[in-house]
Amino acid sequence: MKKSPGIETNPTTRVTVLSVSPTPDDHTWLRQIFSKSKWAEYTHSQWSLTTSRTLESAVATLRRSTIPIVLCEADLLPGTWREMLEALRHVSNLPLLIVTSRLADEHLWAEALNLGAYDVLAKPFDENEVVRVVSLAWLHWKDHA
């Protein structure tokens, strides 16, 4: 299989992604996606998922660990993805934010990108789209860190 240029990374690199959502099903779906071998084939890295149900606990996790990518439900109840984006600005090694929502329309996408989010993922999650967006976010973060 021919490898895509720019995708090659150290095979021992462990990449942690933080999922922030009050909905347990979001974490369950993402765990299933992250457990598949497609990640390793596509990025040549080991992937792990950390979860948080609240903005407050997510920020605490980010202060303890370097996490390059945050997947955040648009409505955290309490809180929103905008508050998460603001909180990320105070974290060292600024993580990239990917907003997730069942209502991922052009308005949310435009607003999120204009305010500084990396991308928006629609729910229910599509495995290929999650792999594509999160992998590209990782490469972007790694190249700019």
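The values are calculated or read from the model by the stated rules, or taken from the named source; none is laboratory data. None of the values given here were measured: they were computed from a predicted structure. Every residue, glycine among them, receives a Cβ derived from its backbone with ideal geometry; neighbour counts consider all protein chains shown.
A few remarks follow.
- Identity of the residue in region 1-27, out of contact with any strand residue (DSSP E or B) (no Cβ under 8 Å at 6 or more places or on another chain), of a type in the set (S, T, N, Q) and exposed (fewer than 12 other Cβ atoms within 10 Å of the Cβ), that ends up modelled with the lowest pLDDT: 4
- Residue in region 32-48 that is closer than 22 Å to residue 103 by Cβ, crowded, with 17+ Cβ neighbours inside 10 Å and either out of contact with any Leu (no Cβ under 9 Å at 6 or more places or on another chain) or modelled with pLDDT of 85 or more (or both) present: yes
- Residue count for region 71-96, restricted to those that are in contact with a Phe, Trp or Tyr (Cβ under 9 Å, 6 or more places away or on another chain), under 16 Å from residue 51 (Cβ atoms) and without any contact (Cβ under 8 Å) to a residue 60 or more places away in the chain: 2
- Region 102-132, subset among the β-branched types (Val, Ile, Thr) and under 13 Å from residue 30 (Cα atoms), residue modelled with the highest pLDDT: 130
- Qualifying residues in region 119-135 (those that are free of Cβ contacts under 8 Å to residues at least 24 places away in the same chain and crowded, with 18+ Cβ neighbours inside 10 Å) - the one nearest to residue 97 (Cα to Cα): 119
- Just one residue in the set 97, 108 is within 15 Å of the chain's Cα centre (by Cα) and either of a type outside the set (Val, Ile, Thr) or surrounded by fewer than 16 Cβ atoms within 10 Å (Cβ to Cβ) (or both); that residue is 97.
- Count of residues meeting criterion [modelled with pLDDT under 95 and of a type in the set (Val, Ile, Thr)] in region 60-79: 1
- Residue check: residue 50 meets all listed conditions (1) in contact (Cβ under 8 Å) with a residue 60 or more places away in the chain; (2) touching a strand residue (DSSP E or B) at 6+ places or on another chain (Cβ under 8 Å) but one, namely (1).
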